[in-house]
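Worksheet for the structure shown next.
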Amino acid sequence: MKTLKVFFWITDVGFILYWFITLLHIIPDSYLFKDYNNPILSAWNWSFLPLDIFISITGLTSLYFYKKGNPNWSKMALISLILTSCSGLQAISFWAIRGDFDPSWWIPNLYLLIYPLFFIPKFFKLDDRSLGS
């Protein structure tokens, strides 16, 4: 859980900071993705806001539940991990379809896609006794 906690803090606080920075237009234009000012692409980017904030809420809630000994921490963590990977997959799919391979956008989204895949299987380990053997 210690490693997962670090990933949750980085990712969940990172999402909140990203959207706060985006809202305030703090990111310099030179760092924005290609066609950022196109209304359709801007809407596409903003369409991730509810998902990313929900990811942060579930991830941070799972940390709170874990600290309080609430067994539902694992359900919240699993939801957060799955949605995080989906968020990364959607962005990577979009950039791939566009043929836009800018590392400054690919690297963070590959992070979102891949890191959860190392933790998700741990939530699905089955006890042999539950299989009736």
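Nothing in this text is a laboratory measurement; each read-out follows from the coordinates by a stated rule. Since this is a predicted model, take the numbers as computed values, not measurements. Ideal geometry is used to build each Cβ from the backbone, glycine not excepted, and the neighbour counts take in all protein chains shown.
Within region 96-110, can you find the residues that are out of contact with any Phe, Trp or Tyr (no Cβ under 6 Å at 6 or more places or on another chain), in contact (Cβ under 8 Å) with a residue 60 or more places away in the chain and either small (G, A, S) or surrounded by 16 or more Cβ atoms within 10 Å (Cβ to Cβ) (or both)?
S104 - this is the single residue of region 96-110 that is out of contact with any Phe, Trp or Tyr (no Cβ under 6 Å at 6 or more places or on another chain), in contact (Cβ under 8 Å) with a residue 60 or more places away in the chain and either small (G, A, S) or surrounded by 16 or more Cβ atoms within 10 Å (Cβ to Cβ) (or both).
If I ask for residues that are on the phi > 0 side of the Ramachandran plot and touching a residue at least 60 places away in the same chain (Cβ under 8 Å), which ones from region 52-90 would you list?
Once the filter is applied, which keeps residues that are on the phi > 0 side of the Ramachandran plot and touching a residue at least 60 places away in the same chain (Cβ under 8 Å), region 52-90 yields nothing.
Any residue at all in region 57-65 that's surrounded by fewer than 15 Cβ atoms within 10 Å (Cβ to Cβ), part of a helix (DSSP H, G or I) and either touching a strand residue (DSSP E or B) at 6+ places or on another chain (Cβ under 9 Å) or not β-branched (V, I, T) (or both)?
So far as region 57-65 goes, yes, one or more of its residues are surrounded by fewer than 15 Cβ atoms within 10 Å (Cβ to Cβ), part of a helix (DSSP H, G or I) and either touching a strand residue (DSSP E or B) at 6+ places or on another chain (Cβ under 9 Å) or not β-branched (V, I, T) (or both).
May I ask you to verify whether I120 is in contact with an Asp or Glu (Cβ under 9 Å, 6 or more places away or on another chain) and touching a residue at least 40 places away in the same chain (Cβ under 8 Å)?
Answer is no for this residue.
Yes/no per residue for (1) under 26 Å from F119 (Cα atoms); (2) not small (G, A, S):
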position: L17; (1), (2): yes, yes
position: Y31; (1), (2): no, yes
position: N45; (1), (2): no, yes
position: L49; (1), (2): yes, yes
position: I53; (1), (2): yes, yes
position: G69; (1), (2): yes, no
position: Q90; (1), (2): yes, yes
position: I97; (1), (2): no, yes
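Among the numbered conditions (1) exposed (fewer than 15 other Cβ atoms within 10 Å of the Cβ); (2) of a type in the set (K, R); (3) touching a residue at least 40 places away in the same chain (Cβ under 8 Å), tell me where K5 comes up short.
The one condition K5 does not meet is (1).
This table checks each residue for (1) in contact with a helix residue (DSSP H, G or I) (Cβ under 7 Å, 6 or more places away or on another chain); (2) closer than 24 Å to L41 by Cα; (3) assigned to a helix (DSSP H, G or I); (4) not β-branched (V, I, T).
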| position | (1), (2), (3), (4) |
| --- | --- |
| N70 | no, no, no, yes |
| I82 | yes, no, yes, no |
| S87 | yes, yes, yes, yes |
| I92 | yes, yes, yes, no |
| D100 | no, yes, no, yes |
| L117 | yes, no, yes, yes |
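Counting only residues that are assigned to a helix (DSSP H, G or I) and free of Cβ contacts under 8 Å to residues at least 24 places away in the same chain, which one in region 23-36 is nearest to the chain's Cα centre (by Cα)?
Among those residues, the one meeting the criterion is L23.
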